[in-house]
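In what follows, a single structure is set out as structure tokens and then discussed.
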Amino acid sequence: MGQKAPKQEKKESSSLETTDDKTYYLKKRRSGCTGMFWRQDPTKTHKLASNDNWPRDGAALKGKVVESGGGKWLGTSHVKQVNGSSWVEAPVGSALPFEYDNHYYLDDKP
């Protein structure tokens, strides 16, 4: 009798990850902070797993655009820091607003 293949453990993917993820860049209008901490997925689909590797100024972000609570958000799947050489998975449940306090914003141009 044949052996069964070992059961593969499924790794949970990042918040709202899809094949149609878009890329945006974290920009700011004035000096101050050096980046923005992850925010909780506004759809509450996933709980924010951690605040590791939060995006620094100029970071590239991949994710799905969602409208929630009257605002536009990017449910993030990956981040590449400005001097980074590769994409890294964003924490499960992470998101960023497209506009924050007239300070930070997401733009589709580098």
*Which ones in segment 79-101 are among the hydroxyl-bearing types (Ser, Thr, Tyr) and either open to solvent by 80 Å² or more (accessible area, probe 1.4 Å) or within 8 Å of the chain's Cα centre (by Cα) (or both)?*
Ser85, Ser94, Tyr100
*Among the numbered conditions (1) touching a His at 6+ places or on another chain (Cβ under 9 Å); (2) at pLDDT below 95, tell me where Trp87 comes up short.*
(2)
*asked:* Can you list residue pairs whose Cβ atoms sit under 6 Å apart, with the first residue in segment 83-110 being among the small types (Gly, Ala, Ser) and the second being exposed (fewer than 14 other Cβ atoms within 10 Å of the Cβ)? Count only pairs 6 or more apart in sequence or on different chains.
replied: Gly93/Lys47
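Only one of Thr23, Thr76, Thr34 is open to solvent by 60 Å² or more (accessible area, probe 1.4 Å) and hydroxyl-bearing (Ser, Thr, Tyr); which? Break it down stepwise before answering.
Numbers: Thr23 fails: open to solvent by 60 Å² or more (accessible area, probe 1.4 Å); Thr76 fails: open to solvent by 60 Å² or more (accessible area, probe 1.4 Å).
The conditions single out Thr34.
The values are calculated or read from the model by the stated rules, or taken from the named source; none is laboratory data. Keep in mind it's a predicted model, so treat the numbers as computed, not measured. Every residue, glycine as well, gets a Cβ built from its backbone with ideal geometry; the counts of neighbours run over all protein chains shown. Side chains included, ligands, DNA and RNA excluded: accessible areas come from the protein's heavy atoms. Shrake-Rupley method; radii C 1.70, N 1.55, O 1.52, S 1.80 Å.
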